[in-house]
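*Asks:* Supplied in structure tokens, the structure appears directly below.
Just so it is clear, none of the values below were taken in a lab; they were calculated from the coordinates. Given the structure is predicted, the values throughout are model-derived calculations rather than measurements. Please note: Cβ atoms are built from the backbone with ideal geometry, for glycine as well, and neighbour counts cover all protein chains shown.
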Amino acid sequence: MDMLKGRRVIVVNSSYETFPDADVCFFGDNRWWEDHKQRDAMVAFKGRVFTAALAAAGERLHRMRRINPPPGLADAPDALATQRTSLQGAMNLAVHFGVRRIVLLGADMGRAPDGSSHHHSPHKWPNKPGNETWDIQMAQFRTIVEPLKARGVDVVNTSPDSRLPWWPKRLLSEVV
């Protein structure tokens, strides 16, 4: 994580626990917010917190409209295309911030060989069996590939075991 210090970073959901120095934390699920908003690490988080969760409440939240179902990427600066994966919403947010390159870290889109998932504390809610949860999310990711290309946004995936086929995989040390 030291390689990320001093860089612009958006963390998704509980990844703020792994990299508390991020500029932004994005989440799309009110259940997640209710579970995390009072945790010590979230209270101490100095970055901005963005969401497209309709029911989430809190004065520190930056609200975005959810375009549902997502048409790829939302163009309106107050909207995000996000439905089943907060990563898609975070990537749309990065586009609104004017990035030219998105570097994905931890976007495996599946279970590890030992059956674990995510790179942070486990969510309270179970995933579907096998990779079914991520299969649904990958179908939505397909909708952002062309819109990102059309906007000139380069995506690099530094998750070596990622199931995402659309973007080149490289080592994090090569791209930061």
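*Asks:* Mind listing the long-range amide H neighbours of Ala79? Cut-off is under 5 Å, sequence gap 5 or more, other chains count too, H placed in the peptide plane at 1.01 Å from N.
*Replies:* Here the answer is Arg65, since their amide H atoms fall under 5 Å of that of Ala79.
*Asks:* Now for a different question. Can you order the peptides 32-38, 95-101 by their average number of other Cβ atoms within 10 Å per residue, highest first?
*Replies:* Those peptides, ordered most packed to least, come out 32-38, 95-101.
*Asks:* Determine the sum of side-chain charges near Ser162: Lys and Arg each +1, Asp and Glu each -1, restricted to other residues whose C-beta is under 10 angstrom from that of Ser162.
*Replies:* Counting the neighbours of Ser162, the net charge comes to 0.
*Asks:* Let me ask you something else. Just order 49-60, 77-88 by mean Cβ neighbour count inside 10 Å, highest at the front, would you?
*Replies:* Going by the mean number of other Cβ atoms within 10 Å, highest first, we get 77-88, 49-60.
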